[in-house]
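The values are calculated or read from the model by the stated rules, or taken from the named source; none is laboratory data. What you see is a predicted model, and the numbers here were worked out from it, not measured in a lab. Positions of Cβ are backbone-derived with ideal geometry, glycine not excepted, and every protein chain shown enters the neighbour counts. What goes into the accessible areas is simple: the full protein's heavy atoms, side chains included, and nothing from ligands, DNA or RNA. Shrake-Rupley method; radii C 1.70, N 1.55, O 1.52, S 1.80 Å.
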Amino acid sequence: MTQSHAGAPGQPAGDDPEFYQEEPTTPIGERPAGRLMMQVLWPAFLVAILAEGVVFSMVDPHELTIVGIHLGDNREAAYTVGFLIFWALSALSSGLTYILSRGDRQPPATSKP
């Protein structure tokens, strides 16, 4: 048996309650990267789902041709590429909104005459 650094002699390290305690972490919503993911990527993901459902309910991937190239040989690939394009476009839009809304929180000081 191994000895714990904080436990009684002969007690394994895995039985020590302090062994399993983790350091407190900041919730993901309070970290800048977490806030970016919640406010930009998640809404963009949801919009991409809706956009793909709407577009591909009206358009069959086998009918898609761009500049003479037939794009619908594999429907799953067309759905995947379409979803990623919709996600990128909506993430770009959400990201721009996020950047523009992060302006100065306080209005500039005005001088009184």
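Would you check which residues across segment 39-64 are hydrophobic (A, V, I, L, M, F, W, C) and open to solvent by 90 Å² or more (accessible area, probe 1.4 Å) and list them?
Result: Trp42, Leu50, Met58.
May I ask you to verify whether Gly10 is surrounded by fewer than 14 Cβ atoms within 10 Å (Cβ to Cβ), on the phi > 0 side of the Ramachandran plot and at pLDDT below 65?
Spelling it out, Gly10 is indeed surrounded by fewer than 14 Cβ atoms within 10 Å (Cβ to Cβ), on the phi > 0 side of the Ramachandran plot and at pLDDT below 65.
One residue is enough: does segment 15-24 have a residue meeting the conditions among the aromatic types (Phe, Trp, Tyr) and modelled with pLDDT under 85?
Yes: segment 15-24 contains one or more residues that are among the aromatic types (Phe, Trp, Tyr) and modelled with pLDDT under 85.
Which residues, counting only those in segment 26-61, are over 19 Å from Phe86 (Cα atoms) and either in contact with a helix residue (DSSP H, G or I) (Cβ under 7 Å, 6 or more places away or on another chain) or modelled with pLDDT of 90 or more (or both)?
Matches in segment 26-61: Ile28, Gly29, Gly34, Arg35.
Does at least one position in segment 75-98 carry a residue that is under 19 Å from the mean Cα position of the chain (by Cα), closer than 24 Å to Leu41 by Cα, modelled with pLDDT under 85 and open to solvent by 100 Å² or more (accessible area, probe 1.4 Å)?
No, segment 75-98 has no match at all.
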